[in-house]
Amino acid sequence: MRTITQQHIDSLIADAAAADRLRTIFRLHEHEEPVQRMVNAVLPGSYVTPHQHAAPPKVELMAILRGRMAMVEFWPDGEVREAHLLDESGPLKIVDIAPATYHCMVAITPAAVLEIIQGPYHAETHKQFAPWAPAEGSDQAADYLAALTENLRARLGIGRLL
C-alpha cells in the first residue's frame, strides 16, 4: 500500500511554490494504467488552461485534501456555467466532472486535490484545450486568469485571493 501523509502534502505545496507554473503533481499511477490517480498541489496564480477530456471521453473526479480550490465549468462558448468552492473546512469536498465538459481549477489558497481520471494517459489525446482560452504561458494568460478570478470572487462570495 502507498500512503500520502499531511507532511507529504505540505512538501508538495512547497514544491509547487518553487515551480515556475506554481503547481506540481505526485503521480500514484503509471501512464498505461486504466485509472490515473494523482495529488495536484496548486498555488494561487497558477493558470490551468480550460480544457475537456472528450476524445476519448473521460470522467474526472477532484477531492480537496488541503486549502481552497475553485472548480469551474464552462459553456462551449467560454462563459462560466457553474463554479464550486472545494474547501478542506467547508461542506463541499468532491466534484465529479462529466466527459467533454470544459473545466479548470483556480487555487484560492495553497491547495492540494486528489484527482482520479480514466486512463490510460496519452499526451496527444488526454486534453483538448478550449479554443477561446489563452494558452498557458501566453501573453494573454495572466489577464484571462485575473478576469476569471474576479468572476469567481463574485460568484462564490470569496474575498481577496491569496
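Quick look at the values:
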read-out	value
Condition check for GLY67: small (Gly, Ala, Ser), touching an Asp or Glu at 6+ places or on another chain (Cβ under 9 Å) and at pLDDT below 95	no
Tally, over segment 1-52, of residues that are polar (S, T, N, Q) and outside any loop (DSSP other than H, G, I, E, B)	7
Failed condition for THR125, given (1) out of contact with any strand residue (DSSP E or B) (no Cβ under 8 Å at 6 or more places or on another chain); (2) at pLDDT 95 or above	(2)
Condition check for ALA133: more than 13 Å from the chain's Cα centre (by Cα), surrounded by 14 or more Cβ atoms within 10 Å (Cβ to Cβ) and among the hydrophobic types (A, V, I, L, M, F, W, C)	yes
Of the criteria (1) exposed (fewer than 13 other Cβ atoms within 10 Å of the Cβ); (2) farther than 30 Å from HIS8 by Cα, which one ALA123 fails	(2)
Among (1) surrounded by 13 or more Cβ atoms within 10 Å (Cβ to Cβ); (2) over 11 Å from the mean Cα position of the chain (by Cα); (3) acidic (Asp, Glu), the one test that ASP96 misses	(1)
Qualifying position, being at positive phi and of a type in the set (Gly, Ala, Ser), among GLY137, GLY119	GLY137
Among the residues listed as HIS29, HIS84, HIS103, the single one being more than 22 Å from ARG155 (Cα to Cα) and either free of Cβ contacts under 8 Å to residues at least 40 places away in the same chain or surrounded by 15 or more Cβ atoms within 10 Å (Cβ to Cβ) (or both)	HIS29
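The values are calculated or read from the model by the stated rules, or taken from the named source; none is laboratory data. Every value quoted in this text rests on a predicted model; they were computed, and no experiment measured them. Here Cβ is always computed from backbone atoms with ideal geometry, including for glycine, and neighbour counts include all displayed protein chains.
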